[in-house]
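To start, the structure under review is shown below, and the notes come after it.
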Amino acid sequence: MAATLIDSVVFCDLFSTQAMRDIFSDKQRVQYYLDVEAALAKVQARLGIIPEEAAKEICSHCNADEIDFVRLKAQTELIGYPVFGVVQQLVALCDKGLGQWCHWGTTTQDITDTATVLQIRAALELVETDVGAISIALAKLAKEYRDTPMVARSNLQQAVPITFGYKAAVWLAGFHRHQQRLEEIKKRALVGEFGGAAGNLASLGSQGLAVQVGIMEELKLGKPCIAWHTMRDRITEVACLLGLITGTLGKIALDIKLMAQTEVGEVSEPFTSGRGASSTMPQKHNPVSSVYISGIVPIIRQQVAALLNAMEEDHERATGTWEIEWVVLPEIFCLSAATLAQARFALSGLNVYPENMMRNLKLTGGQVSSEAVMMGLGPKIGREKAHDLVYQICCDAVESGQSFAELLKQNPEISANLSSSEVDELLDPKNYLGLCGEMVDQTLAGKER
């Protein structure tokens, strides 16, 4: 039975996805090792470094199905690294002693790092798909609710009117930036590693760089200008990007949880029979997706910090910090996949309640529009004086329970400068939405790009 929630039979699809787990599984990791070994053999045969017959024999056995994983476990525990064990088995699988040409002129870390980059490439494709789907869902919300008034909140207090489309567009703008980051990161992160023992390719003489170029072309990866065995910024940048993406999801999940409170009731997650139910309170409809996102994102953040620590590697080949990546990088991707899947579900079917948004706008009897009144009065009596006057009337309304609108109209200084209809117009939240609609349109058009 699995010990972690990522691989748990019960929890696995709440804390990851099958597609992401497959990429970081033992079998797929070994297959990536073998893919790199096959690319190495093909290129070296073309360059005349190893016999063509040897390359064909090696490539014919570069299949994870032929690897004995029980034996590999024992080999890894003995050696400390799995690649050597894979190579030992690959050599043994080859006929006529041709396996001796396997792993020629390379080192464990070349294979491991390049395989990790292949994992990252496959994993980022999944991330990119989910980020795109979430962006589409947010764009739909922004467009549909472009002009739907709701209250903005500052320090959890009612601030001024905005629209729900504006709120969704703010979320969307963040995801537009993440899409840019995902595209930009590829040229830095999707670069293979091939440098030999200490990165200088001495084992292959003058042909080292030609082999390096050939392997990267074979694997469709970028070519490094110099070894990055102990310069781990490529890996860590990917993790930091996942931290940013999931951090944005954490913000959205928090907003949804707050808006889904019974007393607020502005949105709710998609309703599926039994989803979010309580064992004792039949009325409950818990925001399950947002809850899991909020629980997972802080874990990802700490795992990213671990990779930042792993950047401190000694000299040309590290002692221990490299292994941090083996533990946390798969976890970061698997946990990120869970948050993306939960967000995609919640946002694609989010229930929005405009009538409750309007109810909440009216909750304070018009005080949510106090800034509008102040700005309407300011040109006539001065901004500072207008602020202090409206502030005092707000306090009086709270203390007395009287209507804010009526107190405004009864005030002699205000009535001398604003008619009753002008006060009503200023108090209408629909008249103080600013440029929400225009900003939604700009975001939908991708103007920030």
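We did not get these values from a lab; they are worked out from the coordinates using the rules stated. Here the structure is a predicted model, which is why all the values come from computation and not from measurement. A quick note on method: Cβ atoms are made from the backbone with ideal geometry, for glycine too, and the neighbour counts reach across all protein chains shown.
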Can you return the lysines within cross-link range of Lys251? Criterion is Cα-Cα under 28 Å, with same-chain partners fewer than 8 residues away left out. Lys140, Lys143, Lys167, Lys186, Lys284, Lys362, Lys430, Lys447
Using only the alpha-carbon atoms, how far is helix 164-189 inclined from the longest principal axis of the chain? Give it as 0 to 90 degrees, nearest 10. 20 degrees
Using a 10 Å cut-off on Cβ atoms, rank the peptides 195-202, 206-213 from the highest mean neighbour count down. 195-202, 206-213
At a Förster radius of 22 Å, what calculated FRET efficiency corresponds to the Cβ-Cβ distance of Gln442 and Glu128, to the nearest 0.05? 0.40
Rounded to the nearest 0.05, FRET efficiency between Asp26 and Glu371 (Cβ-Cβ, R0 45 Å) equals 0.15
Would you calculate the separation in nanometres between label points at Ile381 and Ser403, each defined as 7 Å from the Cα along the Cα-to-beta-carbon direction? 2.0 nm
Residues Phe175, Phe11, Phe333 arranged by fewest to most Cβ contacts within 10 Å: Phe11, Phe175, Phe333
Least to most buried among Ser421, Ser289, by other C-beta atoms within 10 Å and fewest first, runs Ser421, Ser289
Rounded FRET efficiency, nearest 0.05, which uses the C-beta distance separating Ala2 from Asn356 and R0 of 56 Å: 0.85
Nearby aspartates and glutamates by direct alpha-carbon distance to Lys257 (threshold 12 angstrom, same-chain neighbours under 8 apart not counted): Glu266, Glu269
Determine the distance separating the Cα centre of segment 373-418 from the Cα centre of segment 110-140; give it in Å without decimals. 54 Å
Label point 7 Å out from Ala198 along Cα-to-Cβ: which residues of segment 289-327 have amide N under 15 Å? 314-318
Normalised by the number of residues in the chain, what is the relative contact order in percent for Cα pairs under 8 Å and 6+ residues apart? 18 percent
In what order do Leu361, Leu34, Leu435, Leu93 fall by count of nearby beta-carbon atoms within 10 Å, going from fewest to most? Leu435, Leu93, Leu361, Leu34
How far, in degrees from 0 to 90, does helix 82-93 lean away from the longest principal axis of the Cα atoms of the chain, to the nearest 10? 40 degrees
Listed values (1) 24.4, 78; (2) 22.2, 72; (3) 29.9, 105, entry calculated as Rg and Dmax of the Cα atoms in Å: (3)
Degrees separating the helix 69-79 axis from the principal Cα axis of the chain, which is the longest one: 80 degrees
